[in-house]
1. So, in region 72-83, how many residues would count as being surrounded by 15 or more Cβ atoms within 10 Å (Cβ to Cβ) and in contact (Cβ under 8 Å) with a residue 24 or more places away in the chain?
2. Tally time: how many residues in region 110-135 are touching a residue at least 40 places away in the same chain (Cβ under 8 Å) and polar (S, T, N, Q)?
3. Could you please let me know if ALA101 is in contact with a strand residue (DSSP E or B) (Cβ under 9 Å, 6 or more places away or on another chain), touching a residue at least 12 places away in the same chain (Cβ under 8 Å) and not polar (S, T, N, Q)?
4. If you go through region 37-67, how many residues are without any contact (Cβ under 8 Å) to a residue 40 or more places away in the chain and in contact with a Ser or Thr (Cβ under 9 Å, 6 or more places away or on another chain)?
5. Determine whether region 95-110 contains at least one residue that is open to solvent by 50 Å² or more (accessible area, probe 1.4 Å), part of a loop (DSSP other than H, G, I, E, B) and not small (Gly, Ala, Ser).
6. So in region 158-191, with the set limited to residues that are among the charged types (D, E, K, R) and more than 27 Å from TYR263 (Cα to Cα), which one is surrounded by the most Cβ atoms within 10 Å (Cβ to Cβ)?
7. Restricting attention to region 25-56, which residues are outside any helix (DSSP H, G or I) and not aliphatic (A, V, I, L, M)?
8. Please specify each residue of region 27-83 satisfying the condition of being under 22 Å from ALA106 (Cα atoms), among the polar types (S, T, N, Q) and over 24 Å from the mean Cα position of the chain (by Cα).
Amino acid sequence: MIAGTQSHAHWRIRAQAHMTSEAYVWIAAGLGLILASFIGLVSLRWPQDRPIALSRSTCAGCGRQLGVLDLVPILSFLALRGRCRACAAPIPRRYLALELACPALAFWAGSVREGPEILFGAGLAWALLLLAILDFEHFWLPDEVTLPLAGAGLFAAWYIPHAPSLLEAMIGCAIGFGFFWGLAFAYRRLRGREGLGGGDARLLAAAGAWVGWIGLPSVLLWASLSGLSLVCARLLMGRTIRAEDRIPFGIFLALGLWLTWAYGPLGL
């Protein structure tokens with residue numbers, strides 16, 4: 001058992017030695033540019049049950065299939081001035097925003113981590129970005145994203161030397177899900193209606209997998225503070241907050257997970 005562990009650690013060290021952290025950052029940024037349009041496509045088509053993988057991108061205005069020159073990240077949008085070359089219909093601004101955000105998140109991951117961990121962090125950021133968009137627009141945190149994200153966190157705990165141990169990640173995953181599931185159950189019994197969606201519990205479980213059980217309080221603190229900040233901002237703008245108003249808490253959980261992963265648990 002000891003020999004197997006030493007062999008695994010030696011393999012990880014050799015894999016990390018082949019490339020510098022700067023190379024990992026640029027690889028992650030390039031992947032971010034490629035995946036940005038896909039994330040935008042998924043966030044638009046998936047909630048509408050429209051095909052994603054086997055369908056060519058088309059203009060929403062005239063239905064024309066987009067060519068290679070229409071799909072070059074950032075440059076195509078700027079060259080076309082944000083409009084379709086055939087019908088001049090506006091191109092959704094989310095694509096440009098995502099094409100800027102995804103590489104930026106990769107560079108952010110590179111500013112706080114080294115080696116292959118940068119790729120893990122960039123992948124985490126992109127998944128959280130997709131979840132935040134879906135929750136903001138549709139109050140939806142799909143299991144198809146949250147459950148693989150939890151699995152990726154457990155794999156990262158096994159692979160990355162300085163991450164929480166696999167045991168800490170597994171405990172964090174269980175506590176994260178159990179905590180929100182218990183809150184949702186208690187709220188439903190007391191108020192007779194849903195208060196927390198199941199997606200929130202699974203996202204917090206994924207958070208526990210990525211930052212371990214010791215990082216969960218920080219995730220929840222960041223999420224609560226950011227959520228309260230939004231509520232206060234709405235009140236300052238004169239908007240009424242009603243008890244039945246829904247808040248996409250997954251956005252704040254995603255932010256809390258990212259900040260805790262990037263900078264560690266608060267106070268430690």
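1. Summing the residues that are surrounded by 15 or more Cβ atoms within 10 Å (Cβ to Cβ) and in contact (Cβ under 8 Å) with a residue 24 or more places away in the chain in region 72-83 gives 1.
2. Adding up the residues that qualify gives 0.
3. It is false that ALA101 is in contact with a strand residue (DSSP E or B) (Cβ under 9 Å, 6 or more places away or on another chain), touching a residue at least 12 places away in the same chain (Cβ under 8 Å) and not polar (S, T, N, Q).
4. 6
5. No, region 95-110 contains no residue that is open to solvent by 50 Å² or more (accessible area, probe 1.4 Å), part of a loop (DSSP other than H, G, I, E, B) and not small (Gly, Ala, Ser).
6. Only one residue tops the list, namely ARG188.
7. ASP49, ARG50, PRO51, SER55, ARG56
8. Result: SER76, single match.
The values are calculated or read from the model by the stated rules, or taken from the named source; none is laboratory data. On a predicted model such as this, the values are computed, not experimentally measured, just so you know. Backbone-built Cβ (ideal geometry, glycine too); neighbour counts: all protein chains shown. Heavy atoms of the whole protein, side chains included, go into the accessibility calculation; ligands, DNA and RNA do not. Shrake-Rupley method; radii C 1.70, N 1.55, O 1.52, S 1.80 Å.
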